[in-house]
Each structure stands twice: as C-alpha cells, then as structure tokens.
1. Out of A:138, A:228, A:170, any idea which swings most in a Gaussian network model of chain A, alpha carbons joined below 10 Å?
2. Whenever you get a sec, line up A:226, B:18 from highest to lowest accessible area (probe 1.4 Å, protein heavy atoms).
3. Between the stretch A:1-57 and the stretch A:186-213, what's the alpha-carbon centroid distance in Å?
4. Quickly estimate the mean residue ellipticity at 222 nm for chain B, helices only: each DSSP H run with n ≥ 4 gives -39500 (n - 2.57), and the total goes over all residues, rounded to 500.
5. In Å², what does the accessible area per residue of the stretch A:205-264 work out to with a 1.4 Å probe?
6. Please work out how much length the chain gains when fully extended from residue A:62 to residue A:34, using 0.36 nm per residue of separation minus the C-alpha to C-alpha distance, in nm with one decimal.
7. When the gyration tensor of chain B is built from Cα positions, what are the square roots of 5 times its three eigenvalues, in whole Å, from largest to smallest?
8. Using only the alpha carbons, work out the radius of gyration and Dmax of the stretch A:80-268 in angstrom.
Amino acid sequence: MKPDDFDLVCRLVKDRSGLILTRDKAYLLESRLMPVARRRGMKGLDELVGAIRGKGDEALLREVTEAMTTNESFFFRDIKPFEVFRQTILPRLISAREGKRTFRIWCAACSSGQEPYSLAMILKEEAARLSGWRQEILGTDISTEILAKAKAGAYSQFEVQRGLPIQLLLKYFKKKDDVWQIDPALKSMVQYREFNLLHDLKALGQFEVVYCRNVLIYFDQPTKSRVLEQISRLLQPDGVLFLGGAETVLGISDKFKPVPTQRGVYCLAGATQSLAG
Amino acid sequence: MKSCLIVDDSKVVRMVARKILHELNFETLEAADGSAALDICKKQIPDAVLLDWNMPVMDGIEFLRALRKLPGGSASIVVFCTTENDIDHIQTAIEAGANEYIMKPFDSEIIQAKFQQVGLL
Ligand SMILES: C[S@@+](CC[C@H](N)C(=O)[O-])C[C@H]1O[C@@H](n2cnc3c(N)ncnc32)[C@H](O)[C@@H]1O
C-alpha cells in the first residue's frame, strides 16, 4: 500500500474510532482490508482506497473502521477484575443500594460479549441475594458485526475454554453441533447497543460499575483523557471503573484515582467512599 | 516446585504437555494409562494430574474414581484433557471429582488458563 493511502486510511480510522495505526501495522491494515474489498466486489486495495477518497459512502467508511478493531476477548479475562467484583463490589453494592434496589453496569467496549456475560454469570450465581432487584448490564461497542456475535451468544470450543470455569460452562451453556450456546436467561440479562466512545456518552445514563477494559490501549493520550473524562461524568459518586491490565489513569486523567490494594480498579478523584472500599 | 502427572497413551501428547508444564515450572511424571498412573499415585500423590479419557487398560474416569479413594487422593487437582467434548462426558468427569476440563486440541495458553483457574499457578 502506498504511504499516502496508508495515511488516508489511518486518519479515517483514527477520526472515527480513536484507534491508532502505526506504520509497522501496514501488513495488518492490508490483511484486514482485503476481505472488505472482496466483499464489495472490488479488485484490490487501490480500488478500495479510491472509494474511500470518493467519500460519501458511509457504510464503506464504517466497514473499514470496524475491520481495524481488535475484538479479542475472553470470559473472566484476567480473573482478578471479576473476583474483585464478586467479592468486594457486589456485597457493597447490595448494602449501598438497599433502598433503591437497583444498579447498572456498563461494559464500554464489550466486543463479542464475554465480559458482560461473565458479569451476568456472577449476578446469577448471587441471585439469592438479589431477588427483587433491578439489575442492568449494558454492553456497547463500535462494531456492529461484533455486537451481532455478542447478541447471538454462540461461542466456539476454543472461546469457551479461555477463562470460563468448567462448572459455569456446564451450568450456563448448551452445546449444539460445534457451538456452545449461552443460556437464554443469561442472555436476557445483557442489553447490547452500538456506541462509539468518542461520541457524547451522556445518553447512556449513570452507572455504578464501568468496565472499560482493553480499548484505551489503542487510543492516543488526548483521546484516552477525553474518554476517561466522559466516563467520569457517567459514574455514580461511589461508582467504580475497571481498566485493562495494561491501562491506567495515572498521567492521563485527574478525574479518577486508583483504589489502593485493588489493581486496575479506580474511583472518582473526589470520592471519599466508593464501592471498592 | 509442584508436581504434575501426565496421563495419556499418546507419546506425542505427553511430550507436548511435558514441555508446556516445564515452562510453567512443574515437575512432571508420566503414565501411558490409568493403571500405571495409579501405581505412581500409590507411592506419592501428585499436586496435579493432566488426564486423558480414552486409554487402554484403565481409562481416565476409572483412574480418577480410584485416585479419589486413595489416602490423600482427594487433594490432587485433576484436569481432564481429552477429545471427548460433549456435555455428558464433562458432567460425568465433574461428578467423579475432576476439577477442570480441557477439550482437545490444547495449547499452552489453555493449560495455563485452566491451571490458573484451579489455583495451581
Ligand atoms: C480487545 S476488545 C476488548 C473487549 C473486552 N472489553 C475485554 O477486555 O476483553 C476492544 C473492543 O473495543 C472496541 N472499540 C474500539 N474503538 C472503539 C470506540 N471508539 N468506541 C467503542 N468501542 C470501540 C472494538 O470494536 C473491540 O471490540
């Protein structure tokens, strides 16, 4: 791909999603865009880039952007963030919201659904303490294609073996041919919605718990700051934010502070008390 | 160093598993069927067992039931690693006392993830 063409696509993808593509990712770009060109009956990347230059075709621009997202996810990814939720956050949430008996959780870049479904399984396991509660799990992502997979709740053998304890597989999945299908009751606990983190997030409402894991790593500093700032406004005063293992707020946003002793967990900078302690 | 007994009738599978487990800092023992594995366990109960299902002489599930009856045999963490990938088999394994279950094919990532889940890592 010509440097000019590469730059054009990079700019497009960054403007639309925040994702940064460096020059050493040229091979990635080509291998991801070839299928897009093929699906549209184009001869090759030159024709595709031509069409992007021509602008106008919103569907194409969206498809190109989506093609550049990395959607890898596992159930109970990194274990710890989910243990912390079950052992610390949830009990505190239950006592802090005893009056209202309602809470909302947001998975801000939920990809194929493993993260929200992991949380749904935890809530299901604790159902006895939550009877009569209104619980909401919202999963959003920029990619409509990956959201369709999340909604389908169908996973390969490979996917269900990464992070999902076998007891939970048995309990919450049925196998049909080679596909592991998630339990409809669990599926109904999660709402999915297409949402771009670069857009105004206000419409999503307020949340007690936000998982924004393994997406900020793909953004540059100013974009990270902006997204964190927006998230801080959606968080309840005692709410908590989970970031990915390679992500932090330090040096990026002063809206949050790390929760001591809980790696990867953050609360609002001004909070005197949070659901994490 | 924790010990892991690899039970599989395939030499190749044992070799692959051995390599992965050494990288994860396990000391490994090997057996080609359940009966040979049981003999090893009678001398010393390993911290972990990576267990195939279908093997000559004594299969994995029979071995597991026998292991659980040995003195100290309930302490060993047993992870099945088999091509049997239907719910009935998994259910049977759990009921017999398996701690985790890997459906083949496996790689180091899956072994590591499963061993982490059961607290071996
Ligand atoms: C690696 S996945 C992370 C999935 C999950 N949170 C986890 O930790 O396993 C990153 C996801 O971020 C999504 N994404 C990238 N840019 C986005 C944006 N601007 N707005 C919303 N989602 C975005 C991608 O589509 C992708 O599904």
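1. Result: A:170 has the largest fluctuation of those listed.
2. Largest to smallest exposure gives the sequence A:226, B:18.
3. Centre-to-centre (Cα) distance: 28 Å.
4. The helix-only estimate for chain B comes to -13000 deg cm²/dmol at 222 nm.
5. Ligands and nucleic acids excluded, the figure is 42 Å² per residue.
6. 8.6 nm
7. 18, 17, 14
8. Gyration radius and largest Cα-Cα distance of the stretch A:80-268: 16.3, 50 Å.
The values are calculated or read from the model by the stated rules, or taken from the named source; none is laboratory data. Note that the coordinates shown come from a computational prediction; the quantities given were computed from them, not determined experimentally. Keep in mind that these areas ignore ligands, DNA and RNA; they rest on the heavy atoms of the full protein, side chains included. Shrake-Rupley method; radii C 1.70, N 1.55, O 1.52, S 1.80 Å.
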